[in-house]
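I have placed the structure first, in the form of structure tokens, so that the comments after it can refer back to it.
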Amino acid sequence: MNLRTLTPRVALYARVSTTGHGQDAAMQLDALRQAARDRGWQVVAEHTDTGESGAKRDRPELARVMQLARSHAVDVVAVWRFDRFARSTSHLLEALDELGRLGVDFVSLREQIDTSTPMGKAMFTITAAVAELERDLIRERVQAGVDRARAAGKHCGRPLRSIDLSGAERLLAEGVGLRQAARMVNLPEATLRRRLAGVRQKGVANDRA
């Protein structure tokens, strides 16, 4: 928080993706205004994105709120709930990290997160740690799946370029060495060896079937 400002300046942010289904920006702002009065904040800006999906990272009013923070025009950014502000956990953590570096506090009323307090900072640290653990677990599961697929002889990654191996196979059958055959069919030796190994492995699997 800006120590030069005796009364913390706050920007309130609300979002509704539709005009129906119980979504009400006024309700969000009323709750935020009441919180500002209770805490002695000076409301210097209110921004609402209407008809904007939470999945969108680039929302015009949210961008204005972040610009206020970057220009040090506010000391606090307050929202009604996390999902009104961020599109994902990673987006939330990225935004809160930037606000922290700018010296701007973040408050979410429903989750009772307030980074201006020691408890709020602790809760944010726990949230960030859980999100990092979740990312690590996802990476581990993905890698385990890739390893299993490769062990089963399946290709992972970009689709393999179609290569006609018939010419190379004829040359090898005639006694031409692998290196020379690769050069003659204009293929890297390693690529030819790998593709031929794949063909043989597939052939063995078909024979067993």
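Each value in this text was obtained by applying a stated rule to the coordinates, not by laboratory testing. The shown structure was predicted, so the numbers you read here are calculated from the model rather than taken from an experiment. FYI the Cβ positions are ideal-geometry reconstructions off the backbone, even for glycines, and counts take in every protein chain you see.
His72 to Val146: FRET efficiency via 1/(1 + (r/R0)^6), r the Cβ-Cβ distance, R0 41 Å, to the nearest 0.05?
The pair His72/Val146 has a calculated efficiency of 0.35.
Pull up all non-local amide H partners of Ala14: gap of 5 or more, or a different chain, and H-to-H distance under 5 Å with H placed in the peptide plane.
Amide H neighbours of Ala14, under 5 Å, 5+ apart: His47, Thr48, Asp49.
Taking θ as phi - 60°, what are the ³J(HN,Hα) couplings along the stretch 184-191 by the Karplus curve (6.51, -1.76, 1.60), each to the nearest whole Hz, with x for Gly and Pro?
5, 9, 6, 10, x, 4, 4, 5
Excluding Gly120 itself, calculate the net charge of residues whose Cβ lies under 11 Å from the Cβ of Gly120, where each Lys or Arg counts +1 and each Asp or Glu counts -1.
Combined, the nearby Lys, Arg, Asp and Glu give -2.
Once you have the Cα-Cα distance between Ser116 and Ser17, take 0.36 nm times their residue separation minus that, and quote the gain in nm to one decimal.
So the chain would gain 32.7 nm between Ser116 and Ser17.
If amide hydrogens are placed 1.01 Å from N in the peptide plane, which non-local residues have theirs closer than 5 Å to the one on Asp105?
Val76, Val77
Can you list the residues, at least 5 places off or on another chain, whose amide H is less than 5 Å from the amide H of Gln42, using H built in the peptide plane?
Distant-sequence amide H within range of Gln42: Arg9, Val10.
Apply 1/(1 + (r/R0)^6) to the Cβ-Cβ distance of Val176 and Leu137, taking R0 = 41 Å, and write down the FRET efficiency to the nearest 0.05.
The value I calculate is 0.25.
Taking neighbour Cβ counts within 10 Å as the exposure measure, how do Asp30, Asp105 sort from fewest upward?
Asp30, Asp105
What list of ³J(HN,Hα) couplings, whole Hz, do you get for the stretch 35-41 from phi and the Karplus terms 6.51, -1.76, 1.60, once you set θ to phi - 60° and write x for glycine and proline?
Ordered by residue, 3J(HN,Hα) equals 4, 5, 5, 5, 9, x, 8 Hz.
Listing Arg9, Arg33 from the residue with the fewest other Cβ atoms within 10 Å to the one with the most, what is the order?
Taking fewest neighbouring Cβ atoms as first place, the list is Arg33, Arg9.
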